Amino acid sequence: MATATGSSDLAGSGAPPPGGGVQAAAAEEEEREVVRVRVKKCESFLPPEFRSFAVDPQITSLDVLQHILIRAFDLNGKKNFGISYLGRDRLGQEAYLSLLSDWDLSTAFATASKPYLQLRVDIRPTEDSPLLEDWDIISPKDVIGSDVLLAEKRSSLTAAALPFTQSILSQVGRTLSKVQQVLSWSYGEDVKPFKPPLSDAEFHTYMNHEGQLSRPEELRLRIYHGGVEPSLRKVVWRYLLNVYPDGLTGRERMDYMKRKSREYEQLKSEWAQRASPEDLEFIRSTVLKDVLRTDRAHPYYAGPEDGPHLRALHDLLTTYAVTHPQVSYCQGMSDLASPILAVMDHEGHAFVCFCGIMKRLAGNFHPDGRAMATKFAHLKLLLRHADPDFYQYLQEAGADDLFFCYRWLLLELKREFAFDDALRMLEVTWSSLPPDPPEHEEASPAGDVAAGSPLMPEVGSPQDPGKSLPPPHPLGLPPPQEFGQGNPFMLFLCLAILLEHRDHIMRNGLDYNELAMHFDRLVRKHHLGRVLRRAKALFADYLQSEVWDSEEGAEATAPL
């Protein structure tokens, strides 16, 4: 998250406040990476104005910087301005150099930020600035103060992705904008987005005196904003993966997991009775081949090939394949099970959780390919909706099939981030989905995907008959319960990654093969903070705009 604070207000950057050793170390690391910025605004014959603030260079893009400047100098409506930084030209002379891209900004941070980065904003009276032509400035209510400006808001998802003004504006104590209110799903509360991870003490506030989870939807909304503290994941993930039936007390949950663990051990002992020797040997060898190359760089799975954690991963995947013959085992399932086992650190518990996630994702591995074809079609539709120019470029490059995103959609982006970042990404994604617990304690972990989302009562319910609808977008998108086969937020994460690399791809004219190689080189290297913030802004705009069209989505996903 970019900081836009005075030098004495760095604590408002959105990072968790210092408290424990880990949090204090993280805060110290953040402070070391902060760059101070001093800006001079020049406009015609008016006296110059100056502002000072601080940013994190690792996550501040040119788009974010532009919005900080708009807010700092109250430039709403003044779209024609240029930004330059004080650096050295090719002759080594000090000069103001134009900031026209993220590459320029990275150079400025690297070469011109000691003791602070000096910027200049030149207000241009003519229509000669390309920087902000497609921007949609999302301002807080107390700044806009007019329905006219809101009516002029464009519905471009790309425009909503660029600002990330939720974080910037919340740091200076402003009222949440309309988009922020949708994103926060606050149920009337003034909840700031991008909270610190859910702690054990806060988690217990969602329980009643008998230890029953009393506010499941609100818990998911809270996790959507900040994730979960690592030490709490093995407890909370069971809720996110719909392991428990509704209404269990603390003691009943413990008994439930003990019973499910015993059931798992029984199933594990029945491999030979449930599969022929040939089928079992094929399953075991296929699973082992994948297990031996899944997350081996992570300490949990490092070591010899017969290590206990690798054996546990192999056995739970084999048990799933043998007990779910209609799905069996397919390459990639090990990637879905690996983080669950590493977090649960218990083979039986991990199996139950894996069954919970496969209840929703089994279709990804079906030989008819329908689920994956639908997800590809929806991502293609979303990209065309969000950024027609980029979509057209991919068309001309023969890459509009988006097949280079196959791994993203199959594994819901698990492999695109470093392991610990993937854990945060997964729990945030799961929290955007509706609770779908077993109907009763003995329910099998198989079933249909629930429709809807925790946010649907807030922003997805039908419009009041008397309420005027916004003008529809020329290209509709499927409603949330259909979009992305019921996981719309995952599509917006994919879109955010594409848009993060849009300028590089188009500027360098990457063809299909170069595009695929570019993203292959980025496996486990994407920046989680930037991707999440962009995806959440895109998702909020989609939910707010209600440009949902089941017929459009059905047409887009119809077989050719």
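The values are calculated or read from the model by the stated rules, or taken from the named source; none is laboratory data. The structure presented is a predicted model; accordingly, all values stated were derived computationally and were not measured. Every residue, glycine as well, gets a Cβ built from its backbone with ideal geometry; the counts of neighbours run over all protein chains shown. Heads up: the accessible areas ignore ligands, DNA and RNA and are worked out on the full protein's heavy atoms, side chains in. Shrake-Rupley method; radii C 1.70, N 1.55, O 1.52, S 1.80 Å.
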Apportionment of accessible area to carbon and sulfur, segment 298-434, percent (1.4 Å): 51 percent
In segment 379-438, GluC sites (Glu not before Pro) in a DSSP loop with at most 14 other beta-carbon atoms within 10 Å: none
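Using only alpha carbon pairs under 8 Å that are at least six residues apart, calculate the relative contact order of segment 80-129 and give it in whole percent.
The normalised contact order for segment 80-129 reaches 50 percent.
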Total formal charge among the other residues, if their Cβ is under 15 angstrom from that of Gly398, Lys/Arg +1 and Asp/Glu -1: -4
Exposure of Met517 as accessible area (Å², to 10), given a probe of 1.4 Å and all protein chains: 100 Å²
Filter on Lys234/Lys268; Lys234/Lys380; Lys195/Lys234; Lys234/Lys258; Lys195/Lys380 - keep pairs with C-alpha separation over 24 Å: Lys234/Lys380; Lys195/Lys380
Apportionment of accessible area to carbon and sulfur, segment 216-287, percent (1.4 Å): 51 percent
Segment 267-321, relative contact order in percent, only Cα pairs under 8 angstrom and at least six apart counted: 46 percent
Over 19 Å between alpha carbons, listed pairs Lys375/Lys414; Lys414/Lys525; Lys289/Lys525; Lys260/Lys289: Lys289/Lys525; Lys260/Lys289
For Leu532, net neighbour charge (Lys/Arg +1, Asp/Glu -1) across residues whose Cβ lies under 13 Å away: +2
